[in-house]
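Undergrad: Have a look at this one.
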DNA sequence: ATTACTAGCATTCGAGTAC
DNA sequence: TGTACTCGAATGCTAGTAA
């Protein structure tokens, strides 16, 4: 979608073309958008061609109506602005399912962690984590996520070794509730580890390379750490 | 504002550049926007030039942050989408009662305004205005409000000075009918001034810091100004 | 009145490439 | 790696104008 066409549909919507047909000449649209009459005319032709609006040419102006395709376009744009301004208590990011080294299973089976997961998250995770390689462009969101306190899971010691502190955030993948786990001290990683009461790869039919959306709950904005 | 630049700022905002600096290369932005690296680089240069973003060039990527100017741009766009989807003949917003500088009393006592209030609003306001500091998250609604014509109150001159044009909207606070007043030419303000036939602080037992809801009547959608 | 074509100018694009 | 310049091609713009 060309940006100027999107702006045109938006302008039409603001003039009421989403709710019904509006009487509009290319000259009027041109004035509204600060372009020439010819350009406005071309915009309308292009939008018509790609099925975003319907037109009926009258003897004078034209009757313009935004189609469902056009409405979907606007809704998508609107929801993106909502994400920018309103949905600040959660972070949404996309990534791909990848295979880990089996470490996730080892960690989630430790009683020291398991009991805390049950107490603080309300579920005992299925052994193993779903590793999600976050889309490179969204790694800034991981950095942002790390500034929130989240749910603290304390480290502990066993006879053989030490397990470090981690923090969790309630999260959702493919409509299944769970949590993402972040090690407190770690190098910068683009892999998110997701745990849930069920076996994700089975319940959600996920395999390596599948793209998933992770919705992470960060509770509130005052929850900043560090 | 060129449409493609607006889209660029929106993309940056979705990547978190409104909340803080984000690490981003022109190549990554290019992928996100489906343009070439060169074009993305130019977009960033243009946005920097017009003061919409700030950049810090690092050894690798660049640190990008959206300025207040850029945020205002996005807010304007967002409020226009709200207008499209939230069809309503009124704007509801919340704020807190704050103290003014006594100016409200001075203005509401001017005969030049008083007579027009009586004619056009149907009441003579109690001397003084109830100043309401609008909840920051709802400041976009004020911008939206400003795009409506409202009820025009003409400016006038006295021997000593000039009083500017203002516009009003019928409004309600704590179930008491009155109007909000907006100066026609003014910098961006988060303070709404509410007038009514009665002394609001007394009739409604309001004091500084109290939260109030303001319901503003904008009549109809064709009532746009400018 | 309109819409919208054509022609030519202006802007924008991306490949190549310097740094 | 990066950023960002040059420059030819592609796209977009408007004036003139036909219908």
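The values are calculated or read from the model by the stated rules, or taken from the named source; none is laboratory data. In this text the structure is predicted, and so the values were computed from the model without any measurement. We place every Cβ from the backbone using ideal geometry, glycine too, and count neighbours over all the protein chains shown.
Undergrad: Within the stretch A:66-82, count every residue that is more than 10 Å from chain B (Cβ to nearest Cβ) and out of contact with any helix residue (DSSP H, G or I) (no Cβ under 7 Å at 6 or more places or on another chain).
TA: 5
Undergrad: What is the one condition in (1) within 16 Å of DNA strand D (Cβ to nearest atom); (2) assigned to a loop (DSSP other than H, G, I, E, B); (3) buried (at least 19 other Cβ atoms within 10 Å of the Cβ) that residue B:64 does not satisfy?
TA: So the condition that residue B:64 fails would be (2).
Undergrad: Among the listed residues B:110, B:62, which satisfies the condition of being touching a residue at least 24 places away in the same chain (Cβ under 8 Å) and outside the structural domain of residue B:9 (by TED's automatic domain parsing)? Step through it out loud before you land on a result.
TA: Numbers: B:62 fails: outside the structural domain of residue B:9 (by TED's automatic domain parsing).
From the options B:110, B:62, the qualifying one is B:110.
Undergrad: State whether the residues of the stretch B:75-95 include one that is at pLDDT below 90 and over 30 Å from residue A:17 (Cβ atoms).
TA: Yes, some residue in the stretch B:75-95 is at pLDDT below 90 and over 30 Å from residue A:17 (Cβ atoms).
Undergrad: Given the conditions (1) outside the structural domain of residue A:169 (by TED's automatic domain parsing); (2) more than 30 Å from residue A:209 (Cβ to Cβ); (3) out of contact with any strand residue (DSSP E or B) (no Cβ under 6 Å at 6 or more places or on another chain), and given that residue A:72 satisfies all but one, which numbered condition is not satisfied?
TA: Tallying (1) outside the structural domain of residue A:169 (by TED's automatic domain parsing); (2) more than 30 Å from residue A:209 (Cβ to Cβ); (3) out of contact with any strand residue (DSSP E or B) (no Cβ under 6 Å at 6 or more places or on another chain), residue A:72 fails exactly one: (2).
Undergrad: When the stretch B:84-103 is examined, which residues are found to be in contact with a helix residue (DSSP H, G or I) (Cβ under 7 Å, 6 or more places away or on another chain), surrounded by fewer than 18 Cβ atoms within 10 Å (Cβ to Cβ) and part of a helix (DSSP H, G or I)? Break it down into steps so the answer makes sense when it comes.
TA: Keep residues of the stretch B:84-103 that are in contact with a helix residue (DSSP H, G or I) (Cβ under 7 Å, 6 or more places away or on another chain), which gives B:84-85, B:91, B:93-94.
Checking which are surrounded by fewer than 18 Cβ atoms within 10 Å (Cβ to Cβ) leaves us with B:85, B:94.
Selection gives B:85 alone.
Undergrad: Taking the stretch A:135-153 only, how many residues are buried (at least 20 other Cβ atoms within 10 Å of the Cβ) and in a loop (DSSP other than H, G, I, E, B)?
TA: Adding up the residues that qualify gives 1.
Undergrad: If you go through the stretch A:157-166 one residue at a time, do you hit one that is more than 14 Å from chain B (Cβ to nearest Cβ) and closer than 17 Å to residue A:218 by Cα? Steps first, answer last, please.
TA: Filtering the stretch A:157-166 down to residues more than 14 Å from chain B (Cβ to nearest Cβ) leaves A:157-166.
With the extra rule that they be closer than 17 Å to residue A:218 by Cα, the set shrinks to A:166.
Yes, the stretch A:157-166 contains a residue that is more than 14 Å from chain B (Cβ to nearest Cβ) and closer than 17 Å to residue A:218 by Cα.
Undergrad: Could you list all residues from the stretch A:41-61 that are away from chain B (no Cβ under 14 Å), within 11 Å of DNA strand D (Cβ to nearest atom) and touching a helix residue (DSSP H, G or I) at 6+ places or on another chain (Cβ under 8 Å)?
TA: A:41
Undergrad: Further, regarding this structure: How about the stretch A:11-26: which of its residues are more than 12 Å from every other protein chain (Cβ to nearest Cβ) and within 16 Å of DNA strand D (Cβ to nearest atom)?
TA: A:25, A:26
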